[in-house]
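Notes follow once the structure below has been shown.
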Amino acid sequence: MARFYHLNFLIIRRKNDKIIDMSIKNIITIPNKILSQKSEKIQSIDADVKKIITELIETANAQTNPEAAGLAAPQIGYNKKIILVRDFKMLPNSEKMLITNIIMINPRIISESKEIETDWESCLSIPYMYGKVSRHYSIKVTYLDEKGVEKKIKARDFQARVIQHEIDHLNGILFDSKIIGKLITETEYNKIIDAEHE
């Protein structure tokens with residue numbers, strides 16, 4: 001899927017001689033109640049929806065430490081059924097990463113594998129905390145793209161995990177309610193990962 005931008009909705013303001021991109025939103029974190037609410041289905045892709053899409057893209061692109069694997073509309077203040085999922089692919093014969101932003105409107109999982117995989121997850125709305133979560137290894141998802149065209153994709157492994165995580169956000173569910181074991185800090189997580197690679 002091609003990466004896309006909505007520059008017509010990009011608003012830039014100057015403040016104290018600094019350029020501020022007003023389409024980059026602050027990530028909402030716990031215990032904000034919006035994160036536990038169910039999102040509303042999108043009925044039409046109007047200017048307001050396009051604005052949310054732009055803000056999701058620009059906000060996700062702005063996240064660097066850590067980078068965003070995905071982002072849901074409630075995380076930037078909108079109880080609307082829109083998620084962004086980022087597809088990461090290494091370019092051939094290069095150390096550079098190609099990142100594709102995929103917008104999913106009214107996403108719905110229509111089938112899921114029996115195979116379950118348990119792995120580490122984190123969330124920008126629960127910053128610097130990690131936990132192990134079991135997810136379906138592969139899923140089929142139906143959704144509308146940013147133009148209102150119905151799409152279906154089959155996702156597996158990491159991408160499937162990200163989609164399931166983001167759809168949970170639309171249902172008011174955070175990953176910490178699904179963890180196996182306990183929630184750990186970033187420092188604890190880094191020690192575990194370092195030990196596994198020794």
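What follows draws every value from the coordinates through simple rules; no lab data is involved. These figures come from a predicted structure and were not determined experimentally. Note that we place each Cβ from the backbone using ideal geometry, even for glycine, and neighbour counts take in every protein chain shown.
Can you list the residues, at least 5 places off or on another chain, whose amide H is less than 5 Å from the amide H of Glu40, using H built in the peptide plane?
Lys80, Lys81
Over the alpha-carbon set of the stretch 118-198, work out the extent along each principal axis and list the three values in angstrom, largest first.
Extents along the principal axes, in whole Å: 45, 27, 20.
Give me the net charge for the shell around Ile45: Cβ to Cβ below 10 angstrom, other residues only, Lys and Arg +1, Asp and Glu -1.
Taking every other residue near Ile45 into account, the sum is -2.
Kirkwood Rh and Cα-based Rg: tell me the resulting Rg over Rh for the stretch 45-146, rounded to two decimals.
0.98
With the chain treated as a Gaussian network of Cα nodes joined by springs under 10 Å, which of Leu56, Leu174, Leu98 yields the largest mean-square fluctuation?
Leu98
Running a GNM on the chain with Cα contacts under 10 Å, which residue among Phe158, Phe175, Phe88 ends up with the highest mean-square fluctuation?
Phe88
Considering only the other residues whose Cβ falls under 10 Å of the Cβ of Gly172, what net charge follows from Lys and Arg at +1 and Asp and Glu at -1?
Charge balance near Gly172 sits at +1.
Highest GNM mean-square fluctuation, the chain, Cα pairs closer than 10 Å: which of Met90, Met129, Met22?
Answer for the Gaussian network model of the chain: Met90.
Test of understanding: express the Cα radius of gyration of the chain as a ratio to 2.2 N^0.38 Å, with N the residue count.
On the way: Rg = 17.2 Å, N = 198, 2.2 N^0.38 = 16.4 Å.
Taking N as the residue count of the chain, the ratio is 1.05.
What does the extension gain come out to for Glu95 and Asp157, with contour length at 0.36 nm per residue minus their alpha carbon separation?
The Glu95-Asp157 span can extend by a further 20.2 nm.
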